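The values are calculated or read from the model by the stated rules, or taken from the named source; none is laboratory data. Here the structure is a predicted model, which is why all the values come from computation and not from measurement. In this analysis, Cβ positions are derived from the backbone assuming ideal geometry, glycine residues included, and neighbour counts consider all displayed protein chains.
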Amino acid sequence: MTGFTDSNHKAVSAETSSQLLAVANRGFINGPAAQAQSVLDLRQPWWLWLAEDEIGFCNTEQKPASNNGRELRFVGYLPRVELGSLGDQTFTADHRLRYPYMAGAMAHGIAGVDLVIAMSRAGMLGSYGAAGQPLKEIERSIHCLQKELGSHPFSMNLIHSPAEPTYESAVVDLYLANGIRLVEASAYLDLTAAVVLYRVHGICRDADGRVVAPNRIIAKASRVEVAKKWFSPPPENLLKQLVQEGRIGQETARLANEIPMAQDLIAESDSAGHTDNRPALTLIPQMIALRDHHQPMYDNTVRLRVGAAGGIGTPTAAAAALAMGAAFVVVGSINQGCVEAATSDAVKQMLAEARQADIAMAPAADMFEMGVQLQVLKRGTMFAMRGAKLYELYKLYPSFAAIPSPDRSRIETDYFRQTYDQVWQQVRTFFLAREPKQAHRAETDLKHRMALAFRWYLASASRWANAGVEDRRIDYQIWCGPAMGAFNAWTAGSFLENVDNRHAVTIAMNILYHAAVLQRVQYLEQIGLPWRMPAKSMSPKSMDQIGALS
């Protein structure tokens, strides 16, 4: 017979402990269903009493009378849970949020206006996916968000663009001109003058002599050497460069030495898009240790925090991240399959059918020459295989003409569906307008020209997916991490199995609510109650149900 042991080491059988002690008129409840409902109701605190071999839940702190002569002994207290109290409450307070939950940016506007508005209005943080978008489209979206949200918080993505520094600088200038106070910085391998300018712009001292930086950065990082730079003050060499260029003054540069580049860091583990496939179990604790090392550099007005991203698609994953000390959680992959995501219905359905193993690594269009990879869906598309082939050929040959004829023919016929020269003319026109140095270099550097043409295919594959171009389905680039498969497994058989019901806020509230329930279950296990929440109780719930229980 299996059982547990109370604090006096008295064996208690699982059979009897599965039934709550029933004491009339004392707030006790009995039966497995009632026991589960008690844990699910986060609004209600419970006092736990032991009567010989039975555990009882009482909704009052008053000690119940003994039952049938059995003495009741207090063994634990299960407090009520506020969803907004999960994580680090200074994060929600500083960013004026209700919940420690962030919808990460997905490039090309997939995390678009509708998604950001939905998250913001629900008291969560949405980050607009500006990466890869034309400046005019980014500005249009900024104006739309500001009009719709007013003073409600939201974030704009700022992605590292080593191949297009002019574009990165232009995005920063656009943000500064439009009063964007919060950005999600992603894919940075090193800090740039542009991101430093954004951070220090408008910095000053308040009446109490404290340094105030109006522009904030939530920075993603998967490597300690990069994370150190975000938790440190802006690099002196970049500050000097900005002073010499007349972008900031000497006083701004001096004040910048007193602030970190980012107060909030996202530990990005095995995620969709750009990723190092780092395991969360090792990455999050490492980033938290780094935070603790850097915290003494700043006064108490600057509280460094670490959030968690990558693989978070279920309540269990969110609960685990919060248990490890994450200040907030960031969700990406699963939002791409939401109603509000600005991608095609075809992509949403493909994501809804994904399993955890249906993912692969492929070359990243924006960092192709550097060999940087991102994680994508492989089920139903050949993008990962074709992207890998292009990178292999790029590494082996000095120009497109040097590639063996059969491979050249396959690329033009199957990948490009037009000639290499036709693609090059499109690419040349694009870069003459966006990053002229790239086009000028490619006029004489044939290997670079080949890289730009191959990048055209990689970037186009994402646009074809977003637009749902049917005859390009085999080429769809769909960013996807293992969280998507885990989410599908969790929601199987529930109303969230249907893509039409996958609203971002409904998903977010289910993840937060069930993560809180899991915290309660964990506590019951810690005090020795060998009990498991019935699986059906952990299934997704409607917004009305969550509202009635939290």
Only unsatisfied item for Gly481, checking (1) crowded, with 22+ Cβ neighbours inside 10 Å; (2) over 21 Å from Gly126 (Cβ atoms), is (2)
Output the qualifying pairs, or none if there are none: Cβ atoms under 6 angstrom, residues six or more apart or on different chains, first residue in the stretch 410-425 and more than 14 Å from Phe454 (Cβ to Cβ), second residue surrounded by 13 or more Cβ atoms within 10 Å (Cβ to Cβ) and among the acidic types (Asp, Glu). Thr419/Glu412
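When you scan the stretch 3-120 for helices (runs of 4 or more DSSP H) that lie fully inside it, which ones turn up with 2 or more residues that are at pLDDT below 60 and within 18 Å of the chain's Cα centre (by Cα)? Explain how you work it out, then say what you get.
Numbers: elements: 14-17, 32-40, 89-94.
Counting at least 2 such residues, we get no helices (runs of 4 or more DSSP H) at all.
Please go through the stretch 202-219 and pick out each residue that is in a loop (DSSP other than H, G, I, E, B), aliphatic (A, V, I, L, M) and under 22 Å from Trp230 (Cβ atoms). Quick ask: steps written out before the conclusion?
We begin by selecting, within the stretch 202-219, every residue in a loop (DSSP other than H, G, I, E, B); these are 202-203, 206-210, 213-215.
Pick out the ones that are also aliphatic (A, V, I, L, M) and you get 203, 207, 213.
Within the stretch 202-219, Ile203, Ala213 qualify.
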Given the structure, is Asp190 free of Cβ contacts under 8 Å to residues at least 40 places away in the same chain, assigned to a loop (DSSP other than H, G, I, E, B) and closer than 28 Å to Asp270 by Cα? yes
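Quick grid of which residues meet (1) touching a Ser or Thr at 6+ places or on another chain (Cβ under 8 Å); (2) under 18 Å from Glu184 (Cβ atoms):
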residue: Ala111; (1), (2): yes, yes
residue: Arg121; (1), (2): no, no
residue: Tyr128; (1), (2): yes, yes
residue: Glu137; (1), (2): no, yes
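Name the residue that is surrounded by the most Cβ atoms within 10 Å (Cβ to Cβ), counting only residues in the stretch 326-347 that are over 18 Å from Gly126 (Cβ atoms) and modelled with pLDDT under 95. If you could, list the steps in order and put the result at the bottom.
Step one: filter the stretch 326-347 for residues over 18 Å from Gly126 (Cβ atoms), giving 326, 344-347.
Right, trim to modelled with pLDDT under 95 and you get 344-347.
On the way: Ser344: 19, Asp345: 11, Ala346: 18, Val347: 27.
Among those residues, the one meeting the criterion is Val347.
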Sole miss for Gln438 among (1) of a type outside the set (A, V, I, L, M, F, W, C); (2) in a loop (DSSP other than H, G, I, E, B); (3) touching a Leu at 6+ places or on another chain (Cβ under 7 Å) is condition (2)
Reported set for the stretch 366-387 where residues are hydrophobic (A, V, I, L, M, F, W, C), within 19 Å of Arg473 (Cβ to Cβ) and in a helix (DSSP H, G or I) is Phe383, Ala384, Met385
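Filter the stretch 502-541 down to the residues that are of a type in the set (S, T, N, Q) and either touching a residue at least 60 places away in the same chain (Cβ under 8 Å) or loosely packed, with under 14 Cβ neighbours inside 10 Å (or both) and list them by number. Steps first, answer last, please.
Within the stretch 502-541, the first condition is being of a type in the set (S, T, N, Q), and the residues that meet it are 506, 510, 519, 522, 526, 537, 539.
Once the filter is applied, which keeps residues that are of a type in the set (S, T, N, Q) and either touching a residue at least 60 places away in the same chain (Cβ under 8 Å) or loosely packed, with under 14 Cβ neighbours inside 10 Å (or both), the stretch 502-541 yields Asn510, Gln519, Gln522, Gln526, Ser537.
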Identify all residues within the stretch 496-550 that are of a type in the set (Phe, Trp, Tyr) and at pLDDT below 95; write none if there are none. Tyr523, Trp531
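Here's the yes/no breakdown for (1) of a type in the set (A, V, I, L, M); (2) in contact with a Phe, Trp or Tyr (Cβ under 7 Å, 6 or more places away or on another chain):
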| residue | (1), (2) |
| --- | --- |
| Glu353 | no, no |
| Ala360 | yes, no |
| Ala364 | yes, no |
| Met370 | yes, no |
| Lys378 | no, no |
| Thr381 | no, yes |
| Met385 | yes, no |
| Lys389 | no, no |
| Lys395 | no, no |
Check whether at least one residue in the stretch 431-449 is within 30 Å of Gly337 (Cβ to Cβ), buried (at least 18 other Cβ atoms within 10 Å of the Cβ) and either not charged (D, E, K, R) or not assigned by TED's automatic domain parsing to the domain that holds Ala401 (or both), and report yes or no. no
